[in-house]
Amino acid sequence: MKLFISLGIVLMTYDIFWQIKSLKENILKRPAFIASGMISLWFIDKTYLNIRFNSFLYGFLIGIVFLLTHVIIARRIKIKRKDINKGLVYTSLLIYVLELPAEKFLYRKIILLPLLKLLHPILAISITSVLFMIFHLRIK
(Lines give C-alpha, C1' and ligand atoms only; values in the text may rest on other atoms or scores of the structure.)
Protein backbone atom coordinates (compact mmCIF):
# COMPACT_ATOMS: atom_id res chain seq x y z
CA MET A 1 0.00 0.00 0.00
CA LYS A 2 2.81 2.42 0.86
CA LEU A 3 4.32 1.76 -2.55
CA PHE A 4 1.14 2.92 -4.31
CA ILE A 5 0.77 5.99 -2.11
CA SER A 6 4.39 6.85 -2.94
CA LEU A 7 3.68 6.27 -6.63
CA GLY A 8 0.69 8.60 -6.38
CA ILE A 9 2.81 11.34 -4.81
CA VAL A 10 5.45 10.95 -7.53
CA LEU A 11 2.79 11.10 -10.29
CA MET A 12 1.19 14.14 -8.65
CA THR A 13 4.55 15.93 -8.48
CA TYR A 14 5.26 15.01 -12.09
CA ASP A 15 1.83 16.35 -13.05
CA ILE A 16 2.56 19.70 -11.40
CA PHE A 17 5.86 20.22 -13.21
CA TRP A 18 4.93 18.69 -16.60
CA GLN A 19 3.76 21.66 -18.62
CA ILE A 20 1.29 20.53 -21.26
CA LYS A 21 1.93 22.11 -24.63
CA SER A 22 -0.80 20.47 -26.67
CA LEU A 23 -4.15 18.75 -26.43
CA LYS A 24 -2.52 15.53 -27.63
CA GLU A 25 -0.15 15.54 -24.63
CA ASN A 26 -3.11 16.11 -22.34
CA ILE A 27 -5.03 13.20 -23.86
CA LEU A 28 -1.99 10.91 -23.53
CA LYS A 29 -1.24 11.93 -19.96
CA ARG A 30 -4.70 11.54 -18.44
CA PRO A 31 -5.23 7.81 -19.10
CA ALA A 32 -1.79 7.03 -17.63
CA PHE A 33 -2.66 8.76 -14.36
CA ILE A 34 -6.15 7.27 -14.26
CA ALA A 35 -4.86 3.75 -14.96
CA SER A 36 -2.26 3.99 -12.19
CA GLY A 37 -4.99 5.04 -9.76
CA MET A 38 -7.28 2.21 -10.82
CA ILE A 39 -4.48 -0.34 -10.43
CA SER A 40 -3.79 0.88 -6.90
CA LEU A 41 -7.47 0.35 -5.99
CA TRP A 42 -6.95 -3.41 -6.26
CA PHE A 43 -4.61 -3.22 -3.28
CA ILE A 44 -6.90 -1.22 -1.00
CA ASP A 45 -8.93 -3.26 1.46
CA LYS A 46 -12.51 -3.39 0.15
CA THR A 47 -13.96 -3.00 3.66
CA TYR A 48 -12.08 0.29 4.00
CA LEU A 49 -13.84 1.75 0.98
CA ASN A 50 -17.32 0.82 2.23
CA ILE A 51 -19.23 2.37 -0.67
CA ARG A 52 -22.95 1.79 -0.32
CA PHE A 53 -25.35 1.92 -3.26
CA ASN A 54 -27.25 4.91 -1.78
CA SER A 55 -23.99 6.85 -1.40
CA PHE A 56 -23.06 6.07 -4.98
CA LEU A 57 -26.53 7.05 -6.23
CA TYR A 58 -26.58 10.36 -4.33
CA GLY A 59 -23.08 11.21 -5.54
CA PHE A 60 -23.99 10.31 -9.11
CA LEU A 61 -27.16 12.44 -9.04
CA ILE A 62 -25.36 15.42 -7.52
CA GLY A 63 -22.67 15.05 -10.20
CA ILE A 64 -25.32 15.07 -12.94
CA VAL A 65 -26.88 18.24 -11.48
CA PHE A 66 -23.50 19.97 -11.43
CA LEU A 67 -22.73 18.77 -14.95
CA LEU A 68 -26.06 20.12 -16.25
CA THR A 69 -25.46 23.42 -14.44
CA HIS A 70 -22.04 23.63 -16.04
CA VAL A 71 -23.54 22.97 -19.49
CA ILE A 72 -26.24 25.62 -18.98
CA ILE A 73 -23.70 28.23 -17.88
CA ALA A 74 -21.30 27.27 -20.68
CA ARG A 75 -23.96 27.87 -23.34
CA ARG A 76 -23.46 31.57 -22.78
CA ILE A 77 -19.85 31.17 -23.86
CA LYS A 78 -19.49 31.52 -27.61
CA ILE A 79 -17.48 28.63 -29.04
CA LYS A 80 -16.85 28.35 -32.75
CA ARG A 81 -17.66 25.02 -34.33
CA LYS A 82 -14.15 24.71 -35.73
CA ASP A 83 -12.76 24.76 -32.15
CA ILE A 84 -14.60 21.55 -31.25
CA ASN A 85 -12.87 18.37 -32.38
CA LYS A 86 -12.55 14.75 -31.27
CA GLY A 87 -9.64 15.54 -28.97
CA LEU A 88 -11.69 18.07 -27.03
CA VAL A 89 -14.61 15.65 -26.72
CA TYR A 90 -12.36 12.79 -25.55
CA THR A 91 -10.57 15.01 -23.04
CA SER A 92 -13.90 16.25 -21.66
CA LEU A 93 -15.15 12.68 -21.30
CA LEU A 94 -11.96 11.65 -19.52
CA ILE A 95 -12.21 14.57 -17.13
CA TYR A 96 -15.91 14.31 -16.28
CA VAL A 97 -16.35 10.53 -16.30
CA LEU A 98 -13.06 9.32 -14.82
CA GLU A 99 -10.74 11.99 -13.51
CA LEU A 100 -13.05 14.14 -11.39
CA PRO A 101 -14.79 11.21 -9.66
CA ALA A 102 -11.40 9.56 -9.02
CA GLU A 103 -10.05 12.79 -7.56
CA LYS A 104 -13.03 13.20 -5.25
CA PHE A 105 -12.68 9.56 -4.23
CA LEU A 106 -9.02 10.15 -3.35
CA TYR A 107 -9.61 13.27 -1.26
CA ARG A 108 -12.83 12.18 0.44
CA LYS A 109 -12.29 8.45 0.97
CA ILE A 110 -8.55 7.94 1.08
CA ILE A 111 -7.34 11.16 2.74
CA LEU A 112 -10.27 12.78 4.57
CA LEU A 113 -11.79 9.74 6.31
CA PRO A 114 -8.62 8.70 8.17
CA LEU A 115 -7.98 12.32 9.14
CA LEU A 116 -11.52 12.60 10.53
CA LYS A 117 -10.81 9.60 12.76
CA LEU A 118 -7.55 11.13 14.02
CA LEU A 119 -8.28 14.86 14.19
CA HIS A 120 -11.03 17.40 14.82
CA PRO A 121 -13.29 17.72 11.72
CA ILE A 122 -12.35 21.36 11.07
CA LEU A 123 -8.64 20.50 11.14
CA ALA A 124 -9.14 17.41 8.96
CA ILE A 125 -11.12 19.37 6.36
CA SER A 126 -8.57 22.20 6.45
CA ILE A 127 -5.65 19.82 5.86
CA THR A 128 -7.48 18.13 2.99
CA SER A 129 -8.35 21.50 1.44
CA VAL A 130 -4.77 22.74 1.65
CA LEU A 131 -3.49 19.49 0.10
CA PHE A 132 -6.05 19.86 -2.70
CA MET A 133 -4.89 23.43 -3.32
CA ILE A 134 -1.19 22.51 -3.30
CA PHE A 135 -1.68 19.59 -5.68
CA HIS A 136 -3.50 21.85 -8.15
CA LEU A 137 -0.90 24.61 -8.23
CA ARG A 138 0.79 25.12 -11.56
CA ILE A 139 4.40 26.18 -11.27
CA LYS A 140 5.56 28.19 -14.27
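General remarks:
- Residue 17 vs. criteria of a type in the set (A, V, I, L, M, F, W, C), surrounded by 14 or more Cβ atoms within 10 Å (Cβ to Cβ) and modelled with pLDDT under 75: no
- Contact annotation: residue pairs with Cβ atoms under 6 Å, 6 or more positions apart or on different chains, pairing a residue in the range 127-138 that is part of a helix (DSSP H, G or I) with a partner that is modelled with pLDDT under 75 and aliphatic (A, V, I, L, M), are 135/12.
- Test: residue in the range 78-99 that is touching a Gly at 6+ places or on another chain (Cβ under 6 Å), closer than 20 Å to residue 56 by Cα and modelled with pLDDT of 75 or more: no
- Subset of the range 109-122 [in a helix (DSSP H, G or I) and either exposed (fewer than 13 other Cβ atoms within 10 Å of the Cβ) or within 9 Å of the chain's Cα centre (by Cα) (or both)]: 114, 117, 118, 121, 122
The values are calculated or read from the model by the stated rules, or taken from the named source; none is laboratory data. Being a predicted model, the structure only gives us computed values, none of them experimental. Every residue, glycine among them, receives a Cβ derived from its backbone with ideal geometry; neighbour counts consider all protein chains shown.
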